[in-house]
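Only one structure is covered here, and it is reproduced in the block below.
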Amino acid sequence: MNIVEVKHLKIWDANTDKVIIHNSSFQVKQGSCLAIVGESGSGKSVTCRSIMRLNKPWLRQSGTILFKGEDINQLSEQEMRRRRGKNLCMILQNGMSAFDPACVIGVHIRETLQTHFDWNNKESERKIMSAMESVMLKNPQEILNQYPHQLSGGMLQRIMIALALVLEPDLIIADEPTTALDTISQYEVVEQLIRLRERMGCSMLFISHDLGVVQKIADEVMVMKDGAIVESGHIRSVFTKPKHAYTQYLVSTRLELSNHFRKLMRGGDTDAQGGWDRKVL
Amino acid sequence: MRLLRNLSKDKLAMTSLAVIVVIVAVGVFAPLCAPHDPEEVNMKLRYASSSWSYWLGNDHLGRCVLSRLIYGIRPSVLWVMVALMISVLVGAVVGFIAGYFKGKADAWIMRLCDVMLSFPGYVMTLAVVGILGAGLEHILIAFVVMKWAWFARVIRTSVMQFSEMEYVKFAKASGIGSFRIITKHIIPVTFADVAVIASGSMCSMMLQISGLSFLGLGIQAPHAEWGMMLNETREVMFSRPELMLAPGLAIVIVVSAFNFLSDALQVALDPKLMTSTSQGKLRKKEVGKAVYEYSRG
Amino acid sequence: MLKVDGIEKSYKQGGLFSKQRLKILKKVAFECQHGECLGIIGESGSGKSTLGRLILGIEKPDRGRILFEGKNVNDRRVRRGSISAVFQNYTSSINPFLTVEEAIMEPLKAQKKVEPGMQIKVDTLLHQVGLDSSYRLKYPHELSGGEAQRVCIARAISTEPRCIVFDEAISSLDVSVQIQVLRLLKELKQFYQMSYVFITHDIQAAAYICDRVIIFRDGQIEEMVPIEQLKHVQSDYARRLLTYLITFQGEDQG
């Protein structure tokens, strides 16, 4: 069963009459993770925001977007708002600007939870704190009382994942969540996203330009270039035997860097291959 | 010039600019433009309505309203512009020093600005006029003294924001001197902000001068000034309202023109609207494309 | 060639009269030789950008000195023509009022080395970084990310400096563009015999181009190794970094 089916999506700019997405059709199977890869300007974020209908007002869209069988492109704004957060959750790239800088994290989270559930304050707090503990955030009480600028990028991302855990949506759209993070935070966030999927069995739409992260977390992948989908399929086949020239180009350039690094690491040392076991935090 | 080309796209801006240029020119060449002597009293023509020789009629002393209006441009518009420029200059110098060099210089300059800004505007102007005596020069001195601190603050914020830009860092790293960096990199980018706030303040300064003249504290009789002309017609406000029309409209038109120009300048001075090709028709599309792509990153 | 000697730097926290200071760099000391590419790998908040600014002479250290060929780097004349930089944010790296040509000529003009044949030099530089002459009259907002960064590189090499500091220069670019830029940098280093100080958080990029790396953490040097010895790092933090690295696997690793 497909949780999201997008058919003939067209997005254009009403001000400049420029077409951003020409004619996209894709689907996300239930319980699987579809990754969208492409370079900047390829239209990945615009596509995903159009599923949530959160694009800028001058970007118009047409086509069918079926979410659990229902065409959400035709819903009224109020109906759509009810779906957002509860059924469709978004994890954004820049944690610092995803939270309201004027109030502490706790206030922002409490507001979100109160919009969708009927819990009182104590209940909300209990749920979010247990979620935060499961994403390896120590001292959740203390963190809830801090402002976004006092926390690091990695922690903010994990808070967003914890919020997703509590909301239990059917689809999580993650828009370049690891791009702005450094190596260690990136690893931790990717681990948490994998665990999140295992625990909740939700589907995920993962946007990234980093093929390494995509390889680790996604089941299927879709390559976008200049607003069009050039290739899609199962992750192993697309990355090991890319058919389209652009995919081949992306894979080969990424490989150049990785192979060089791997050669450096291996260089003569016999136990190098198994020596770097990836510890789970 | 690039600025004029950009402005020419906006009809309202061009109209405002034309109005201002005409008024400034008329004011500068007042002796040539005015049909009569503004101070010529002619009691037989008191409150006369418009006629062929006196286009806008005569005021309570029989003086030609049109000539008074024209001569009134000088104090109401031209002198205010001079005061504004002096104020902006002082504020800019102080703002640049504070914003670019930061540290102790910035801290002490800002404390001085805080002191200056804590005095309420009108009250201070009245106090200065009270000490020095009534008269146009004294009001303008009061304005300069009051306003420079505000300009310094705003310009400092703008300069601080632009000093953090990477091209300034590169210039510093390359060993280019501070003065050169300020003139080549910081002044052009902050010029837009400065022009916008200066033209915006022009309006408030003009209105203040008119207000003070209306109260009798500004320019003294028998010189012509728009606010004072309004004051003089106060007694016959209800019996002859048309006499208030001329100076009142004049003030409204000039203040509005500066306002519109200020808005248009902000758009016109945006560097992102510069293009390397100078074909007229294609430019609109290219500009749109360039700004779109730039914002897309 | 470049010697960093016992550097300490802290920033004031609080208002005008507070004495609180936040220590960013604690006793940092290392050297960079001629023709060497030194990588400084650190996570965000480790102080590597501050170190970059100190090396460029934009800020003064609280204690210690940075010497370039024996002379203090704070002196503008020492830096002029010898040290250059490329920064991360290419959108704000070029003055929006200048064309590409004017931007590239700026460091040359500062050295008062402008001659009538300058246009050819600009063309040569553009060709070397892989752009054609038509880019000369373009404005920065008309360039894509990769192109803008190439213009910044052209600007940096225009005075043929002996050392270029790259402060996260490739982090904002797409991965395929990153590789192109890294290759370009390798060529240029060979051609002009320059040294690089390559500040980054991306270990793979550093491994691609650097001869020696410093692992930087919390304002201190954690470890310093030649790149071939990267797999033999001793410190805990460095080993953790290498373990957590997510890399891409191609066909043969299946």
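Here C:Arg240 meets each of (1) within 11 Å of another protein chain (Cβ to nearest Cβ); (2) out of contact with any Cys (no Cβ under 7 Å at 6 or more places or on another chain); (3) closer than 13 Å to C:Gly39 by Cβ with one exception, condition (3).
Take the conditions modelled with pLDDT under 75, more than 14 Å from every other protein chain (Cβ to nearest Cβ) and part of a helix (DSSP H, G or I) and apply them to B:Lys285. Does it pass? No, not satisfied.
Just one of the listed residues (C:Glu102, C:Glu59) is without any contact (Cβ under 8 Å) to a residue 12 or more places away in the chain and within 13 Å of chain B (Cβ to nearest Cβ), and it is C:Glu102. Within the stretch B:178-188, the set of residues being facing another protein chain (nearest Cβ under 7 Å) and surrounded by fewer than 21 Cβ atoms within 10 Å (Cβ to Cβ) comprises B:Pro188 only.
Hey, which of the helices (runs of 4 or more DSSP H) in the stretch B:1-103, taking only ones fully inside, have at least 3 residues that are touching a helix residue (DSSP H, G or I) at 6+ places or on another chain (Cβ under 8 Å) and over 27 Å from B:Val255 (Cβ atoms)? In the stretch B:1-103, B:80-101 are the helices (runs of 4 or more DSSP H) which contain 3 or more residues that are touching a helix residue (DSSP H, G or I) at 6+ places or on another chain (Cβ under 8 Å) and over 27 Å from B:Val255 (Cβ atoms).
The criterion of being within 24 Å of the chain's Cα centre (by Cα) and either buried (at least 19 other Cβ atoms within 10 Å of the Cβ) or not β-branched (Val, Ile, Thr) (or both) holds for A:Leu250. Contact map, the stretch C:176-190: residues that are within 11 Å of chain A (Cβ to nearest Cβ) and of a type outside the set (D, E, K, R) paired with residues that are surrounded by fewer than 14 Cβ atoms within 10 Å (Cβ to Cβ) and part of a helix (DSSP H, G or I), Cβ distance under 8 Å, separation 6+ or inter-chain. Pairs shown: C:Ser176/A:Tyr249. The single residue among A:Met136, A:Met155, A:Met80 that is surrounded by fewer than 19 Cβ atoms within 10 Å (Cβ to Cβ), of a type outside the set (Asp, Glu) and closer than 29 Å to A:Gly38 by Cβ turns out to be A:Met80. Across the stretch A:130-157, the number of residues qualifying as modelled with pLDDT of 85 or more, under 24 Å from A:Arg84 (Cβ atoms) and not polar (S, T, N, Q) comes to 5. Once the stretch C:155-188 is narrowed to residues that are of a type outside the set (A, V, I, L, M), surrounded by fewer than 18 Cβ atoms within 10 Å (Cβ to Cβ) and under 20 Å from C:Ile40 (Cα atoms), the residue that is nearest to the chain's Cα centre (by Cα) is C:Ser171. Taken over the stretch C:82-98, residues that are facing chain B (nearest Cβ under 7 Å) and touching a residue at least 40 places away in the same chain (Cβ under 8 Å) amount to 9.
Selection of the stretch B:204-243 for residues being at pLDDT 80 or above, surrounded by fewer than 18 Cβ atoms within 10 Å (Cβ to Cβ) and of a type in the set (A, V, I, L, M, F, W, C) yields B:Leu207, B:Val236, B:Met237, B:Phe238. Picking from residues in the stretch B:127-173 that are in contact with a helix residue (DSSP H, G or I) (Cβ under 6 Å, 6 or more places away or on another chain) and within 14 Å of another protein chain (Cβ to nearest Cβ), the one that is nearest to B:Ala198 (Cα to Cα) is B:Phe162.
Just to be sure, is C:Val73 away from every other protein chain (no Cβ under 14 Å) and more than 12 Å from the chain's Cα centre (by Cα)? Answer is no for this residue.
The set of residues in the stretch A:63-76 being more than 20 Å from A:Met204 (Cβ to Cβ), exposed (fewer than 14 other Cβ atoms within 10 Å of the Cβ) and under 23 Å from the mean Cα position of the chain (by Cα) consists of A:Asp71 alone.
The values are calculated or read from the model by the stated rules, or taken from the named source; none is laboratory data. Everything quoted here is computed from the prediction, not taken from an experiment. Virtual Cβ from ideal backbone geometry, glycine too; neighbours counted across all protein chains shown.
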